[in-house]
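Following: one structure in structure tokens, then a few remarks.
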Amino acid sequence: MVKISPLAGKQLPSADLVDIPALLAAYYDRKPDVAVATQRVAFGTSGHRGSPLHTSFNENHILAMCEAIARYRKAEGIDGPLFLGIDSHAVSAPAQRTALEVLAAHGIKVHIDQSGGYTPTPVISHAILAYNKGRTTGLADGIVVTPSHNPPSDGGFKYNPPHGGPADTAITKAIQDMANEFLANGLQDVQRLAYDTAIQQPCITKYDFVTPYVADLASVIDMEAIRAAGVKIGIDPLGGAAVGYWQRIVEQYGLNATIVSTEVDPQFGFMTADWDGQIRMDCSSPYAMARLISMGQKFDVAFANDTDADRHGIVAQPDGLMNPNHYLAVAIFYLYQNRPEWKKDLGIGKTLVSSSLIDRVAAELGRKLVEVPVGLKWFVPGLIDGSLGFGGEESAGATFLRRDGTVWTTDKDGLILSLLAAEITAKTGKNPSQHYHELIARLGTPYYQRIDAAATPEQKARLSKLSPEQYPGDMLAGEAITAKLTKAPGNGAAIGGLKVTTRDGWFAARPSGTEDVYKIYAESFKSPEHLKEIQEEAQTVINKVLSA
């Protein structure tokens, strides 16, 4: 089993924090070698991620990807504005500068934050959809420079096409392959202007991202109910892109809220370390969320967001930090009974590593369950055409429709999931944790855990090709196996791993799309001991695959 670091839940000594000058120097100085697999452009679950210190996220990567996106846009006839946002990771701002040098050279109209600030991922999605509404030509798209909750030494880069959500695998493969060709030929075909010239081009414009997003929140959340009830709210942006948004939201809607910290630090030295002693702005981790958890008793409900604000962490008593699966189940149960304008045949979207409690909630509500692989991109078509009311992932990322049943965002939105916790508390008089305990009293208690363990790229590749035959036999932890899945039942797409299910439990094993780890998800509706049995049997199989 995974060993928890003695540093978990504690602030790191300053000597253990990332060296920002060295990191920024590496961004510019290190040149990737496409002959080395780990130095190539590689789009995972949500974009390309890496670290300048490992020569996996450097200036040349950004130059190559932006040239590829410029050419992809031209080939697809995408000629509206490109909304460009960044988070507060140290290398995000340099990467934005690099991106503007290429995009301006192509004459692409780019909107960047008017105050030079940060822009959450869901705000980019919202801006794209708002601009494109009613249009068939001149469509907008976007880029978000973020590695999400990853460590401070990392950078990330993702492309959202005109549907506003994460690009699908066909698009990312086209961009990835083209970018690697540019890297291989020494960037000879990349168009580029000097930054001082690029930023002065008329195609680069300052844009107010904050006002339209904040003003539109009332169309998706009952903000007046939260205000009227006086719900006492605690908010921790974790030094991320939502820092500049929460104060505006609190002021505009008159919320009884306290923002517990507005500190922004590229070293993220204020964070407590995650399970392995590394800093991650993972709002679903009790170790990373130690600060807000310790303050939880002060508020009716409290919440945090990761660095690009596409994830949420909900703190409510009696549980403290809610397991993301528990909150998703509560959110779904509440939304489908408190959105009278939603269609009665709206489906519920979940990833196949999310809790089966959601399956039981869907059955109780009489709603269709749509189970897909990991990645919010799989929910995009259903959110746009109105066949899905909600799409969520076990990693604390989700979005849902506006109150009138139309699309809000097609990317994860940690701000609305956080505000929904306050709405639930305001409208029902019970916080999400209390609702969870009512749910499990009827539907059964899930014992769920995700284990992360280190894996090399080669080992991750083997895990992604797991087959049903690699789990021999027809029993799992004393129960008959009901399915061995390598494709998601909701859409038939490959899951990049293996899921094995029984009546009262399951496990799924898959490599991370963003870090050099693999993940084993497991759940039991019997007991913690039964969960442990499932995990041990799954781990035995995975160890055999890794050592093969």
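Derivation of every value follows stated rules applied to the coordinates shown; laboratory data play no part. Since this is a predicted model, take the numbers as computed values, not measurements. FYI the Cβ positions are ideal-geometry reconstructions off the backbone, even for glycines, and counts take in every protein chain you see.
The table that follows gives values for the structure above.
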item: Axial C-alpha extent at least 24 Å, average Kyte-Doolittle at least -0.5 - helices from the chain (DSSP); result: 59-76
item: Approximate spin-label separation residue 196-residue 297, in nm, with each point projected 7 Å along Cα-to-Cβ; result: 5.8
item: Neighbourhood charge, 14 Å Cβ-Cβ cut-off, centred on residue 522 and excluding it, Lys, Arg +1 and Asp, Glu -1; result: -3
item: Inter-probe distance in nm under a simple model that places probes 7 Å from Cα toward Cβ, at residue 75 and residue 54; result: 2.8
item: Cα-based equivalent ellipsoid, segment 335-443: semi-axes from gyration tensor eigenvalues, Å; result: 20, 16, 14
item: Local electrostatic count at residue 548 - Lys and Arg +1, Asp and Glu -1, tallied over other residues with Cβ under 15 Å; result: +2
item: Relative contact order (%) - the chain, alpha-carbon pairs under 8 angstrom, separation at least six; result: 14
item: Only Lys, Arg (+1) and Asp, Glu (-1) charged, at Cβ; the chain dipole about Cα centre in debye; result: 820
item: Kirkwood-Stokes translational diffusion coefficient of segment 150-288, alpha-carbon pairs, 25 °C, 0.890 mPa s, µm²/s; result: 127
item: Value of relative contact order over segment 252-309, rounded to a whole percent, pairs C-alpha under 8 Å and six or more apart; result: 22
item: Spin-label zone in segment 68-86 - amide nitrogen under 20 Å from a point set 7 Å from the Cα of residue 184 along the C-beta vector; result: 68-72
item: Listed residue pairs exceeding 32 Å between alpha carbons, taken from 173/519; 343/487; 232/499; 10/412; 232/519; result: 232/499; 232/519
item: Point-to-point label distance, residue 31-residue 5, nm (Cα→Cβ direction, 7 Å offset); result: 3.4
item: Average projected area [Cα convex hull, the chain], square nanometres; result: 23.4
item: Centroid-to-centroid separation of segment 483-539 and segment 202-218 [C-alpha atoms, Å]; result: 41
item: For segment 378-420, the Rg and Dmax computed from alpha carbons only, in angstrom; result: 9.5, 27
item: Additional length obtainable on full extension of the chain from residue 427 to residue 14, 0.36 nm per residue less Cα span; result: 144.3 nm
item: Considering only the chain, percent of DSSP beta bridges that pair antiparallel, nearest 5; result: 60
item: Theoretical gain in end-to-end length, residue 454 to residue 227 [0.36 nm per residue, Cα-Cα removed]; result: 77.2 nm
item: Furthest towards positive pole of dipole, 231, 428, 26, structure part the chain, Cβ charges; result: 428
item: With 5 Å bins from 0: P(r) over segment 44-203, alpha-carbon pairs, percent; result: 2, 10, 20, 24, 24, 15, 6, 1, 0
item: Distance cut-off 12 Å, percentage of C-alpha pairs in segment 1-47 lying past it; result: 78
item: Model label zone, residue 475; criterion: amide N under 19 Å from point 7 Å along Cα-to-beta-carbon; scope segment 485-507; result: 500-507
item: Length-normalised contact order for segment 162-257 - Cα pairs under 8 Å, 6+ apart - percent; result: 21
item: Sum of -39500 (n - 2.57) over DSSP H runs of 4+, divided by residues of the chain (222 nm, nearest 500); result: -10500 deg cm²/dmol
item: P(r) histogram, all alpha-carbon pairs of segment 391-548 included - 10 Å bins from 0, percent; result: 10, 30, 32, 21, 6, 0
